[in-house]
Amino acid sequence: MNNPIQVTQSSMPAFTDYIDEIKDLWESKWLTNQGAKHAKFEREVAAYLNSPNVALFTNGHLALEASLEAFGLTGEVITTPFTFASTTHAIVRKGLTPVFADINPRDYTMQTENLERLITEKTSAILPVHVYGNLCDVKEIERIATKYNLKVIYDAAHAFGVTVNGESMANFGDASMYSFHATKVFNTIEGGALTFKDSNLKHVINACKNFGITGPETIDYIGGNAKMNEFQAAMGLCNLRTLHQEIAKRKAVYERYLENLSGVADLTLPTIQKGVASNYAYFPVLFDSTKTSRDDIQHELMKHNIYTRKYFYPLINELECYQSKFTPNPNPTPVAQQIAQNVLTLPLYADLPLDAVDRICSLIKAKLNPKKIIVSKGDIFI
């Protein structure tokens with residue numbers, strides 16, 4: 001049997017590069033609490049994202065929680081159910097109520113046409129998600145937020161390094177959260193960051209992630225512990241140096257999928273938005289469930305040791321923990337439900353061999369059209 005093909009694989013620097021980067025930690029013995037690596041990495045992330053205000057975290061989830069806390073939000077936050085559970089968990093864990101907006105069928109980001117209908121006197125913020133690296137309608141969201149005096153916090157976990165018309169995504173909204181988890185385009189093993197417009201928030205955000213400490217003998221906030229350590233920062237410094245090359249390799253994989261699957265009936269393939277420089281984070285495929293279901297394709301690939309992910313399924317507003325807390329759902333999200341039931345993200349990572357992409361695509365096409373003989377790299381599927 002062929003070696004497993006995972007849905008993702010972490011990008012890592014050369015072993016010697018990482019060893020060189022962490023070597024001086026054995027001299028300093030400074031492993032956490034905003035050491036030299038942390039300071040250097042924070043500066044480099046700020047430069048890469050073209051953002052004047054950056055705060056590093058041990059993971060993206062706690063960064064998102066800190067942003068909600070720093071803005072002092074109350075009441076309701078409008079978000080999307082088509083996301084990872086972390087987005088909504090952060091809202092609820094901060095004592096806020098999520099209100100779910102539907103998504104649009106083009107790029108799976110928050111639908112803006114009906115967004116104003118969800119706003120009430122209790123609404124304090126909008127928390128949209130840049131899905132698969134696709135960017136939300138930032139201009140329309142900003143217009144609505146300004147009209148109703150709402151904060152906008154983007155879940156940009158999928159969008160590190162993405163720009164639109166040359167402008168960094170870090171420059172939209174009041175804040176953006178980035179995830180540096182091992183499965184992301186850019187990783188620090190675990191890790192995350194916040195970018196934010198108001199420089200006055202820096203001391204609050206730093207206090208939120210460090211027990212509320214504001215001085216040697218002062219604790220002004222009831223904070224938690226979400227500090228990025230020096231080993232994470234060192235991995236970030238190493239991976240940031242090669243990120244351009246990693247994205248280029250991901251682009252080659254992405255384009256190979258398009259080459260193989262374009263024109264295949266019963267498939268909807270991803271498209272890159274106009275003006276967007278993508279990071280090629282994911283390759284989501286939408287299947288026509290009236291023919292061959294997404295689950296059938298997933299099971300077929302699994303037989304060949306190829307692992308995919310139903311990302312995102314189930315919807316957040318269909319999870320038991322939220323069904324019991326926020327039912328009945330006053331805001332049905334039929335588009336999100338339809339996408340969640342039919343989407344499958346195919347394996348995509350920088351070091352995925354292109355002939356493996358060919359094989360994956362041949363298996364998919366053979367399953368969709370079993371009467372047609374498809375030949376790929378010597379394998380015949382009937």
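The values are calculated or read from the model by the stated rules, or taken from the named source; none is laboratory data. Just so it is clear, the structure is predicted and the values come from calculations on it, not from any experiment. Every residue, glycine as well, gets a Cβ built from its backbone with ideal geometry; the counts of neighbours run over all protein chains shown. Side chains included, ligands, DNA and RNA excluded: accessible areas come from the protein's heavy atoms. Shrake-Rupley method; radii C 1.70, N 1.55, O 1.52, S 1.80 Å.
Residue count for region 217-250 under the criterion of being touching a strand residue (DSSP E or B) at 6+ places or on another chain (Cβ under 9 Å), of a type in the set (A, V, I, L, M, F, W, C) and closer than 14 Å to A39 by Cβ: the result is 2.
Quick check, is N239 under 24 Å from L68 (Cβ atoms), buried (at least 16 other Cβ atoms within 10 Å of the Cβ) and under 25 Å from the mean Cα position of the chain (by Cα)?
Numbers: under 24 Å from L68 (Cβ atoms): no; buried (at least 16 other Cβ atoms within 10 Å of the Cβ): yes; under 25 Å from the mean Cα position of the chain (by Cα): yes.
No, not satisfied.
Could you go through region 63-72 and let me know if any residue there is within 26 Å of A277 (Cα to Cα) and open to solvent by 30 Å² or more (accessible area, probe 1.4 Å). Taking every residue of region 63-72 in turn, none turns out to be within 26 Å of A277 (Cα to Cα) and open to solvent by 30 Å² or more (accessible area, probe 1.4 Å).
With respect to the conditions (1) closer than 21 Å to K151 by Cα; (2) surrounded by 15 or more Cβ atoms within 10 Å (Cβ to Cβ); (3) in contact (Cβ under 8 Å) with a residue 60 or more places away in the chain, D198 lacks only one, and its number is (2). Does at least one position in region 333-341 carry a residue that is of a type outside the set (G, A, S), closer than 29 Å to A248 by Cβ, surrounded by fewer than 19 Cβ atoms within 10 Å (Cβ to Cβ) and in contact with a strand residue (DSSP E or B) (Cβ under 6 Å, 6 or more places away or on another chain)? Checked region 333-341: no residue is of a type outside the set (G, A, S), closer than 29 Å to A248 by Cβ, surrounded by fewer than 19 Cβ atoms within 10 Å (Cβ to Cβ) and in contact with a strand residue (DSSP E or B) (Cβ under 6 Å, 6 or more places away or on another chain).
On the given criteria, is T74 in a loop (DSSP other than H, G, I, E, B) and under 18 Å from I119 (Cβ atoms)?
Yes.
For L150, the test of being crowded, with 24+ Cβ neighbours inside 10 Å and within 21 Å of A66 (Cα to Cα) is failed. Evaluation of T292 against the conditions (1) outside any helix (DSSP H, G or I); (2) surrounded by 15 or more Cβ atoms within 10 Å (Cβ to Cβ); (3) modelled with pLDDT of 95 or more shows that the sole unmet condition is (3). Restricting the first member to region 298-322 and to residues that are over 18 Å from A340 (Cα atoms), and the second to residues that are open to solvent by less than 10 Å² (accessible area, probe 1.4 Å) and in a loop (DSSP other than H, G, I, E, B), the beta-carbon pairs closer than 8 Å and six or more apart or on different chains are I306/P347.
Look through region 23-32, keep the residues that are open to solvent by 80 Å² or more (accessible area, probe 1.4 Å) and in contact (Cβ under 8 Å) with a residue 24 or more places away in the chain, and return whichever of them is farthest from F231 (Cα to Cα).
W30
Are any residues in region 159-195 open to solvent by 10 Å² or more (accessible area, probe 1.4 Å) and at positive phi, and if so, which ones? Hits for region 159-195 are G161, N165, G166, G173, I189. Taking Y322 as the residue in question, decide whether it is under 28 Å from T87 (Cα atoms), crowded, with 17+ Cβ neighbours inside 10 Å and modelled with pLDDT under 95. When the stated conditions are applied, Y322 passes them.
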